[in-house]
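The structure under discussion appears below in the form of structure tokens.
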Amino acid sequence: MLSVYTDFIRIRFLTMLAYRVNYYSGILIYSMNIGVYYFTYKAIYGDAGSIGGFTAAQMTTYVAVSWMARAFYFNNLDREISTDIRDGSIAIQMIRPYNYVIVKFMQGLGEGMFRFLLFMIPGMAIAMLLFPVTLPSDPVAWVGFLVMLFFSFLINTQINIITGLTAFFIENNEGMMRMKRVVVDLFSGLILPISLFPGWLATIAQWMPFQAITYLPGSVFTGRVKGVGIWNVLGIQIIWLVVLLVPMIIIWRLARRRLFVQGG
């Protein structure tokens, strides 16, 4: 069965490779986003030494690495699952000799590997040429960041799968998927670092899983979290990974009992 699941990684990677031109334009769009944030924060900082615990240099690096990290962990598995449910193809998937949810994880991983190699790395190289991005000098920071980046993918994928599976119960979850994307981008720290949130909102964000997707890895990469603190924030990611497994498994089991086909 392991070889079957790894085949899904390979197939998704090759599929993405066939449409790689789309991602070249994506690199330009992400670079433009970084540019907008860079010049915005440059104007905000002015002569200020630091804001929200970030120096101007750290903020530039945080913005660049956060957007390029998103290029790796982002996927549309929620939309794929929702489509499978609405068109009835989920019925065929569920009688095949593999676990549908694990297959989606593998497909997401294949896409993530493609995005890492052909989107995130070249995109980060371009960002370094255009903006004053500072790379970590501590090897531990690099190791911690790369490990945390993988956990970012896992946590984001769990949230996407949970959102997609809600289509079993509400049939059309388009609004929920859009709301999920906005909430993840905001509370993960992609749009604005959580340390810049108002006190009460920052407290709420710290009790949500979204900070583990962008804010915590970005804090490690910029050097705001060092040494033992790196493994502490990695522990937060591991906790959320385990916590999110519970609703995902429960929803999947309930969904299998409730399956009805609308079309197909």
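The values are calculated or read from the model by the stated rules, or taken from the named source; none is laboratory data. Keep in mind it's a predicted model, so treat the numbers as computed, not measured. Neighbour counts are summed over all protein chains in view; Cβ atoms, including those assigned to glycine, are modelled from backbone coordinates with ideal geometry. Please note that ligands, DNA and RNA were not included when accessible areas were found on the heavy atoms of the full protein model with its side chains. Shrake-Rupley method; radii C 1.70, N 1.55, O 1.52, S 1.80 Å.
Before moving on, here are some points about what is shown:
- Tensor-based shape of the stretch 1-43 (alpha-carbon gyration tensor, a/c under 1.5 rounded, otherwise prolate or oblate): oblate
- Packing-based order for 38-45, 51-58, 62-69, 232-239, using average beta carbon neighbours within 10 Å, highest first: 62-69, 51-58, 232-239, 38-45
- Over all other residues within a Cβ to Cβ distance under 15 Å of R96, the charged ones net out to 0, with Lys and Arg as +1 and Asp and Glu as -1.
- The residues of the stretch 133-234 expose on average 42 square angstrom of accessible surface per residue, using a 1.4 Å probe on protein heavy atoms.
- Angle between the chain longest axis and helix 2-18 axis [Cα atoms, degrees, rounded to 10]: 60 degrees
- Here the calculated FRET efficiency for E174 and D138, from their Cβ-Cβ distance with R0 = 41 Å, stands at 0.40, rounded to the nearest 0.05.
- Coil-residue chymotrypsin sites (Phe, Trp or Tyr not before Pro) of the stretch 165-264, DSSP, other Cβ within 10 Å capped at 16: W207, F260
- Of R253, R70, R96, R224, the residue with the largest accessible area leads and the full order is R253, R96, R224, R70 (1.4 Å probe).
- With every protein chain in place, the stretch 166-264: carbon and sulfur % of accessible area (1.4 Å): 68 percent
- Label-point gap, in nm, between L129 and L254 - each point 7 angstrom along Cα→Cβ: 5.0 nm
- Where (i) 122, 40, 38; (ii) 61, 42, 33; (iii) 69, 34, 29 are the candidate values, the label of the one calculated here for Cα extents along the principal axes in Å is (ii).
- Estimated from the Cβ-Cβ distance and a Förster radius of 25 angstrom, the FRET efficiency linking K226 and R20 is about 0.10.
- The stretch 142-252: C-alpha gyration tensor shape, a/c 1.5 cut-off, then a/b vs b/c: prolate
- Area projected by the alpha carbon convex hull of the stretch 56-126, averaged over all directions, nm²: 5.9 nm²
- Probe 1.4 Å, all protein chains present, accessible-area order of V182, V147, largest first: V182, V147
- Accessible-area order (highest first, 1.4 angstrom probe) of the listed residues V21, V133: V21, V133
- Dipole magnitude of the chain, debye to nearest 20 (Cβ charges: Lys/Arg +1, Asp/Glu -1, about Cα centre): 400 debye
- Under 15 Å from a label point set 7 Å out along the Cα-to-Cβ vector of L245, the amide N atoms of the stretch 158-179 belong to 158-159.
- Take the Cα of I238, step 7 Å toward its Cβ, do the same at I11, and the gap between the two points is 3.4 nm.
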